[in-house]
Amino acid sequence: MAIFHCQTKPLSRSGGRSAVAASAYRAGVKLKDERTGIVHDFTRRSGVESADLLLPEGAPDLDRGEIWNQAERAEARKDARTAREWVTALPAELGSEERRALALEFGRALVERYGVAVDVAIHAPGRRGDDRNHHAHLLTTTRKVGPEGLSEKADIELSDKARIARGLTPARKEIEAVRALWAGLANEHLERAGRVERVDHRSLAAQGIEREPTKHLGPAATAIERATQAPSRLREDRQAAAAFGQTRAEELDTEVKAIRAELADLLKHRADLERQQVGRETRQQEIREQVAAIRAGLDQAKTPEAPATAAPAVDAPAQPKEKETAGQRFEREALELIASGPPGTAERLYEKAIGQLEAQRHAKAQATLEALRIEREALTQARQAHQATKPWTPIGRGKWEAAGVALEQSGRDLSKRETAAAKAIEPKTIQAAAEAAAVKAIPRVVELATSERQARLEREAAEAAAKEAAAKEAIQNALLARDFDSIAGSRERKMTGYRDNSDDWKATPPRLREIVDDYLTLPKDRRETTLKSMVADPNARDEIRGLIKERKQTLSKQRSR
């Protein structure tokens, strides 16, 4: 199957690189670097199938040595970029001439896109490597080539800030566009050759393919496997690292899923509390207004009117003591219990009173419905009797018709009362009526219960918020423990990239390296407890999180070069 590979990287003096030397090696020719005076002779190297130099239209007729020496002279900085290289995998399904045509077409596309010179070298597979590894090296100048030679920097070499100022996309997206260009050209050439294979520049995730991306073993490891017919140590390391990472990922994913499920329940509970809070606040405002109106009416009723003229004092007859109502008695007894009872007593007594009032109103509504049912049966019988006694005389007929009209009117009135009774027995209607009755009968208990309920809802909301914050922190701590455990596990097994002189380990901040190495000196049965203690300690947790973040940023910068 055709394999997609198209990568780019700059060639910089900071790494001791020379554009002249790079061109001589890739083309298999002899060139002299005029800046250093070194002659680079690679005429004896094998594996170079072809080497072509492509120049923009209108550029002077320069040879390979002249163009790359100009590229070196154009840069003065010791860390300047003097060239950029694109490496592409040529489909093994194509013939030699077809592969060369594809590489040259891609080179011309780069010339037209950036106005640079492109040195295209096609290499055959190595003698000890994969015999399908046909590939091309396209070395481009970092400056545009015009009638006078090299001039300004090519657009792809500009900083993202300068590119955006010119209305261009960031360099990362530009590179992705060139990768897509290469994939399109490769597929066109495969189609012309009558091949069904195709390549795709997108990631496996974007293609909907659920598997880990493959990594190049390199020529040394590939040669060892071909010679021994057994997996190389590099492959075994990667397989072990993948298995270990998969196991740890599954364990931590299980923990994270459990924490997220708990967090989802907490968020749902919090949303329910907020909805209840909104409804309670609306109802509390209505209750406060009703209580205020009742109190205003009671105060007005208790205030005696001043007499118009002074009257002689007489012994007033003894007034009979007003009998205490059931509501007054309930409120008096309830206030005594609330004064001496635990928190929540007012709310419980209020709910009890509401339950009793709802039961009374439900019974009354049922009795009304039963009475209306009996009345409906009587009306039906009256209609049947009326229809059975139709008179023949004009006088009797008039009375009969008047009686029918009266029966119809009675039926309409009864339907209205039935509708009202059906609505009155609905739970919402009964609840509202019970609450309104409670406001009139026991206003002080209603007020105290409302205050208690408000305080309880606020406590529950605060508890839910605290649990939500704790769940989020637990997720972050689990992810941090996973990252640290992965680094420590890879370091302990001396996986590729984690040995002392490996790039991944060098990218790790010294302080994090020290912590990981100290952690690995502990007995294995103490590591899990130690890691939990490190994550639980705010200072240690913040320090490790910052160091891992710094490491990721360093690795990202290295891989984007």
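The values are calculated or read from the model by the stated rules, or taken from the named source; none is laboratory data. This one's a predicted model, so the numbers in the text were calculated from it and none came from an experiment. In this analysis, Cβ positions are derived from the backbone assuming ideal geometry, glycine residues included, and neighbour counts consider all displayed protein chains.
Annotations
So that you can scan it fast, the table gives a plain yes or no per residue for (1) under 30 Å from S415 (Cα atoms); (2) surrounded by 14 or more Cβ atoms within 10 Å (Cβ to Cβ); (3) modelled with pLDDT of 85 or more:
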{"residue": "L335", "(1), (2), (3)": "no, yes, no"}
{"residue": "I338", "(1), (2), (3)": "no, yes, no"}
{"residue": "G341", "(1), (2), (3)": "no, no, no"}
{"residue": "L349", "(1), (2), (3)": "no, yes, no"}
{"residue": "A353", "(1), (2), (3)": "no, yes, no"}
{"residue": "I374", "(1), (2), (3)": "yes, no, yes"}
{"residue": "E377", "(1), (2), (3)": "yes, no, yes"}
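- Hey, E75 part of a loop (DSSP other than H, G, I, E, B), within 50 Å of the chain's Cα centre (by Cα) and in the same structural domain as R179 (by TED's automatic domain parsing) or not: yes
- Of the residues in the stretch 147-167, at least one is in contact with a strand residue (DSSP E or B) (Cβ under 6 Å, 6 or more places away or on another chain), aliphatic (A, V, I, L, M) and at pLDDT 90 or above.
- Flag for A59 being touching a strand residue (DSSP E or B) at 6+ places or on another chain (Cβ under 7 Å) and crowded, with 19+ Cβ neighbours inside 10 Å: yes
- Of all residues in the stretch 513-535, one or more are under 17 Å from N477 (Cα atoms) and either in the same structural domain as L158 (by TED's automatic domain parsing) or within 25 Å of the chain's Cα centre (by Cα) (or both).
- Any chance R412 is touching a helix residue (DSSP H, G or I) at 6+ places or on another chain (Cβ under 7 Å), at pLDDT 75 or above and not hydrophobic (A, V, I, L, M, F, W, C): no
- Members of the stretch 22-56 that are over 16 Å from T142 (Cβ atoms) and small (G, A, S): A24, A27, G28, G37, S46, G47, S50, A51
Each row is one residue, and each column tells you yes or no for (1) in contact with a Cys (Cβ under 9 Å, 6 or more places away or on another chain); (2) part of a helix (DSSP H, G or I); (3) farther than 30 Å from D537 by Cβ; (4) basic (K, R).
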| residue | (1), (2), (3), (4) |
| --- | --- |
| R444 | no, yes, yes, yes |
| E458 | no, yes, yes, no |
| A471 | no, yes, no, no |
| A474 | no, yes, no, no |
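- Scanning the stretch 15-43 for residues that are part of a loop (DSSP other than H, G, I, E, B) and in contact (Cβ under 8 Å) with a residue 12 or more places away in the chain yields a total of 11.
- Residue within the stretch 164-186 that is in contact with a helix residue (DSSP H, G or I) (Cβ under 8 Å, 6 or more places away or on another chain), in contact (Cβ under 8 Å) with a residue 60 or more places away in the chain and either among the hydroxyl-bearing types (S, T, Y) or closer than 17 Å to R26 by Cβ (or both) present: no
- Of everything in the stretch 503-518 that is β-branched (V, I, T) and touching a Lys or Arg at 6+ places or on another chain (Cβ under 7 Å), the residue that is farthest from G546 (Cα to Cα) is V516.
- Matching entry among V116, V120 (being part of a loop (DSSP other than H, G, I, E, B), under 48 Å from the mean Cα position of the chain (by Cα), assigned by TED's automatic domain parsing to the domain that holds L185 and surrounded by 21 or more Cβ atoms within 10 Å (Cβ to Cβ)): V116
- Filter pass, A436 being surrounded by 15 or more Cβ atoms within 10 Å (Cβ to Cβ), in the same structural domain as E351 (by TED's automatic domain parsing), more than 30 Å from D518 (Cα to Cα) and not polar (S, T, N, Q): no
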